[in-house]
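Asker: One structure follows; several queries about it will come next.
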Amino acid sequence: MDRIYLDYAATAPVLPEVLDAMMPFFISRYGNPSGIHGTGRDAHKAVEEARRRTAAVLGAESREICFTSGGSESDNLAIQGTAFALREKGNHLITSRIEHHAVLNTCRWLEKQGFRVTYLPVDADGTVSPDAVRDAITPETVLVSIMTANNEIGTVEPVGEIGRICREKGVLFHTDAVQAAGMLPLRADGMNADLISLSAHKFHGPKGTGALYIRKGTRLDALIHGGSQERGLRAGTENVPGIVGLGKAIEIAEAERTANAERIRELRDLLIRRIRGAVPDVKLNGHPERRLPNNCHFSFAGVESEALLLRLDLAGIAASGGSACTSGSMEPSHVLKATGLEEELMKGSIRLTLGRETTAEEIEKTAQVLPEIVKDLRAMRGLQEKSDCFQKKDS
Ligand SMILES: *Cc1c(COP(=O)(O)O)cnc(C)c1O
C-alpha cells in the first residue's frame, strides 16, 4: 500500500540535497569549529556559511542568527532570555492562548518565577487582534510573543501590524515562525520582529536543529552556560552537520517557496472543496483565507477524531488530531478551545497538512476515502445510539 503523508506540520522528510550537504561533516570534515587548526577552521567556515544563508533569507545580518536545537529551544531562549535580561525594566509578558506549548509552557514557568503573563484571546478564526495587543501593553511589559502562523488550524496572524505596535511602544516582539518557513515570507523587517524562531525539520532539514533571529542590540540572557559558542548565547560544540543541513534546507525552501506554496495551495483548496462537497456537517477551522497554504483543519459533527485517524491510518493516510503533542491524550486542543468551537465539533477534528511531495493523486484518493470513513463512523454511531436507547428502555 502506498502511504499518503498529510502531516507535514508535524515534520517533513530531509531532502536528499540537504542530506548530501550534511554527510561530509560526520566523517571527513569532522572538526570542532572552535579549533584553530585547518580541520577546525573548515567546520567553522561551514557553520558561518549556513549562518550567512539563514540570515539572507530573513534579510538579516549573520551575527543576528543564533543556532539552537530546534523550535522549542528557540522559543525558550527568546522568551526566557529577554524576560531575565530585562527584569529591571519590567516583569510583564504578552502572548496568545493559541501559541505552541513551547511558548505557552515557557510562559507558565515564568509565572512561577514571579513574572506576569497576559494570554490574549483569539476570535473564532483564531486571529489575535492587534488592538488587543496594544491595550494589553503596560509600562511593565518587556515582550510580546505572537506566532506567525498557527500549527493546528493554520491561521496566519497579523504579525507585521503587531510588531509595528510593539516597536511604537518600545516593547520587544518575538514571533514563532516555525510553521511559516517555506510557506510565507520570513523577512524580519516585514514582520517588524526582534526575535524569530525557526526549526529545520519543519522545512525539510534535520530534526534537532533550529535558529533564533535576534535583532542586533537585543539583550538576552543565555539558557545554556559554558563555552562562548554562538556569541555566548548558547554554549556547547555546534551541531555542525545539523547547522549545515538547516542552511541548505532554508535556502532551498526560500528559492522554491512561491512556486511550492502556489502548487500546494491549489491542491489544498481542491481537497477542501471536495470534502465540503461530499460530507454534510463539516466545518473548516481557522481563517478561511488568511491561513497557511498547506493547512486544512476540519471538524466533523458526530465523529470521534481518534477513530477517524485510526481508520485513515488503516487506509494508508497519515493525518493528525491537531497537534502532535496533544494527540494520544484525550485533552481537547487548547487552540480549538480558544476559538470557542462547540465541544461536539472539537471532538471530531483532524488536521491534514500538505507538503512538497504531495501529489494530485494523493489528494484525489484522500478526497474519496475520507468522506466514506466519516459516513461509516456516523452510521456506526447512529446504531450505537439506537441500541443505547433500547437498553435504557429495557432497564
Ligand atoms: C514544531 C513546532 C515547534 C517546535 O519545534 P521543535 O523543533 O520540534 O522543537 C514550535 N512551534 C511551532 C509553531 C511548531 O510547529
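The values are calculated or read from the model by the stated rules, or taken from the named source; none is laboratory data. All values derive from a computational prediction rather than experimental measurement. Note: ideal-geometry Cβ built from the backbone for every residue, glycine included; neighbour counts use all protein chains shown. With ligands, DNA and RNA removed, areas are computed over all heavy atoms of the protein, side chains included. Shrake-Rupley method; radii C 1.70, N 1.55, O 1.52, S 1.80 Å.
Asker: Relative contact order of the chain: what whole-number percent is it, with Cα pairs under 8 angstrom and at least 6 residues apart?
Answerer: 22 percent
Asker: A follow-up question, please. I'd like the trypsin sites (Lys or Arg not before Pro) in the stretch 189-230 restricted to DSSP loop residues with at most 13 other Cβ atoms within 10 Å, sorted by number.
Answerer: K216, R219
Asker: Considering only protein heavy atoms and a 1.4 Å probe, what is the carbon-and-sulfur percentage of the accessible area of the stretch 190-319?
Answerer: 50 percent
Asker: What is the distance, in nm, between label points placed 7 Å from the Cα along the Cα-to-Cβ direction at D20 and at R164?
Answerer: The two pseudo-label positions are separated by 4.3 nm.
Asker: Turning to a different aspect of this structure: Within the stretch 296-311, whose backbone N sits under 15 Å from a point 7 Å along Cα→Cβ of A132?
Answerer: none
Asker: With a Förster radius of 35 Å, plug the Cβ-Cβ distance of D221 and D189 into 1/(1 + (r/R0)^6) and report the FRET value to the nearest 0.05.
Answerer: Given R0 = 35 Å and the Cβ-Cβ separation, E is 0.85.
Asker: Select from N294, N192, N105 the residue whose mean-square fluctuation is largest in a Gaussian network model of the chain (Cα-Cα springs shorter than 10 Å).
Answerer: N105
Asker: So, one more: Stokes-Einstein at 25 °C, 0.890 mPa s, Kirkwood radius from Cα pairs: D for the stretch 107-253 in µm² s⁻¹?
Answerer: 148 µm²/s
Asker: Helix-only mean residue ellipticity at 222 nm, the chain, DSSP H runs n ≥ 4 weighted -39,500 (n - 2.57), per residue, nearest 500. What is it? Mind showing how you got there, number by number?
Answerer: Values: 13 runs with 170 residues, N = 395.
Helices in the chain give a 222 nm mean residue ellipticity of -13500 deg cm²/dmol.
Asker: Out of the DSSP beta bridges found with both residues in the chain, what percent are antiparallel (nearest 5)?
Answerer: 50 percent
Asker: Right, something else. Considering only D269, D20, D176, give the residue with the highest GNM mean-square fluctuation for the chain, with springs between Cα atoms whenever their separation is below 10 Å.
Answerer: Looking only at D269, D20, D176, the biggest GNM fluctuation is shown by D20.
Asker: Which shape class applies to the stretch 1-94: rounded if a/c is under 1.5, otherwise prolate when a/b exceeds b/c and oblate if not, where a ≥ b ≥ c are the square roots of the Cα gyration tensor eigenvalues?
Answerer: Judged from the Cα gyration tensor, the stretch 1-94 comes out oblate (a/c at least 1.5, b/c at or above a/b).
Asker: Let me ask something additional. Keeping the other protein chains in place, figure out the carbon and sulfur percent of the accessible area of the stretch 11-169, with a 1.4 Å probe.
Answerer: Working: 3550 of 6570 Å².
Here carbon and sulfur together make up 54 percent of the probe-accessible area.
Asker: Using the Kyte-Doolittle scale, find the helices of the chain whose mean hydropathy is at least 0.5 and whose Cα atoms extend 18 Å or more along the helix's long axis, counting only whole DSSP H runs.
Answerer: 240-255
Asker: Related question: Can you give the convex hull volume per residue for the Cα atoms of the chain, as a whole number of Å³?
Answerer: Taking the convex hull of the Cα positions in the chain, it is 157 Å³ per residue.
Asker: Considering every pair of different Cα atoms, what Kirkwood radius, in Å, is found for the stretch 96-192?
Answerer: 13.7 Å
Asker: Just the number please: accessible area per residue for the chain, 1.4 Å probe, all protein chains included, in Å². Please report the intermediate quantities before stating the final value.
Answerer: Details: 17170 Å² over 395 residues.
Accessible area per residue, the chain: 43 Å².
Asker: Under a GNM of the chain (C-alpha, springs under 10 Å), which listed residue has the highest mean-square fluctuation: D221, D131, D189?
Answerer: D131
Asker: While we're looking at this one, here's another question. Could you tell me the accessible area of R265 in Å² (1.4 Å probe, neighbours in place), rounded to the nearest ten?
Answerer: R265 exposes around 80 Å² with every protein chain in place.
Asker: Put a dot 7 Å past each Cα toward the Cβ at A255 and R231; how far apart are the dots in nm?
Answerer: Rounded to a tenth, the inter-label distance reads 2.8 nm.
Asker: Counting only protein heavy atoms, what percent of the accessible surface of the stretch 329-373 is carbon or sulfur at a 1.4 Å probe?
Answerer: Reported share for carbon and sulfur atoms: 53 percent.
Asker: Using heavy-atom solvent-accessible surface (probe 1.4 Å) with all chains present, what is the largest-first order of Y30, Y119, Y5?
Answerer: Y30, Y5, Y119
Asker: Using a 1.4 Å probe and counting only protein heavy atoms, arrange H334, H225 so the residue with the most accessible area comes first.
Answerer: H225, H334
Asker: Multiplying the sequence separation of E111 and Y30 by 0.36 nm and subtracting their Cα-Cα distance, what value in nm do you get?
Answerer: Answer, rounded to one decimal: 25.0 nm.
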